[in-house]
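Data block below; observations after.
Each value in this text was obtained by applying a stated rule to the coordinates, not by laboratory testing. This is a predicted model, so every value here is computed, not measured. Ideal geometry is used to build each Cβ from the backbone, glycine not excepted, and the neighbour counts take in all protein chains shown.
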Amino acid sequence: MLQTISVFGETSSSGLGALGISGQALLIQLITFGLAFLVLRRYAFKPILKVLDERRQTIESGVSLGEEMQKERADLEKKVSTALHQARRDADAIVAEALDAARGQVREAEDKAQLKAEIILKDARAQAEQNTARMRKALEGELVGLISDATEVIIDEKVDAKKDAALIDKALKGRVAA
C-alpha cells in the first residue's frame, strides 16, 4: 500500500526519495543558497549591519550625551542654588547694613535736633531775660513818673528834675531795703 510520491515525475521508494527529496535538487538548492548568502552578505548584510552599527553608536552617544547633560544640569542647579543662597546672604547683609546706617543717621539727626532745641531754648531764655530787663526798666520809668506825680500831689508843689530824682532814689532804696 505504500506508494511513493513522485517529484518531477520520478518515483523512489527508499531514503530521501521516500520523502520526495532529490539529492541532486538538494545539492543545487544548497549551492544556490550559499551563493545567495555570499552575495547578500557582501552586498546587503554588510551595508545593513554598517548602518545598524552607526545607528547604535549614534544612540549610545546620544544616551551618554544625555547622561552628561543630566550631570551638568545637576551641577548647574547646585551652582545656582549656592549662588542664590549667597545672594540672599549678601542681600540680608546689605539690608542690615542699610538699617544700621539709617539708624545712625536718625540718631545723628536726633542729636542735632536736640542740640538745636537746646540752643533755641537758651536763646529764648536769654531773650526772655532781656525782655524782662527791658520791661523792668520801662516799669521803673513808669513808676518814677507815678511817684513824681504822687509826690507833687502830696507836697503840693512842682518838683524839679534834681529834687525829683533824689526823692525817687530815696524811695526806691527804702523799698529795696525793706
Quiz item: Cα-based count: Lys pairs in region 50-178 below 29 Å, eight or more positions apart or different chains?
Solution: 13
Exercise. Quick one: dipole size for the chain, taken about the Cα centre, charges +1 on Lys/Arg Cβ and -1 on Asp/Glu Cβ, in debye to the nearest 20.
Key: 860
Self-check item: Rounded to 10°, Cα long-axis angle of helix 23-40 versus longest principal axis of the chain
Solution: 30
Quiz item: Using θ = phi - 60° and the Karplus form 6.51 cos²θ - 1.76 cosθ + 1.60, what ³J(HN,Hα) does each residue of region 139-152 get, whole Hz, x for Gly and Pro?
Solution: 5, 4, x, 5, 5, 4, x, 5, 5, 4, 5, 5, 5, 4
Quiz prompt | Choice from 149, 92, 100 with maximal GNM fluctuation in the chain (Cα, 10 Å cutoff) | solution = 149
Exercise. Tabulate in residue order the Karplus-calculated ³J(HN,Hα) for region 103-115, using 6.51 cos²θ - 1.76 cosθ + 1.60 with θ = phi - 60°, rounded to whole Hz; enter x for Gly and Pro.
Key: 4, x, 5, 5, 4, 4, 5, 5, 4, 5, 5, 4, 5
Quiz item: Relative contact order (percent) for the chain, with alpha-carbon contacts under 8 angstrom and 6 or more residues of separation?
Solution: 6
Quiz item: Relative to the first principal axis of the alpha-carbon coordinates of the chain, what is the inclination of helix 161-177, with its axis defined by its Cα atoms, in degrees from 0 to 90 and to the nearest 10?
Solution: 60
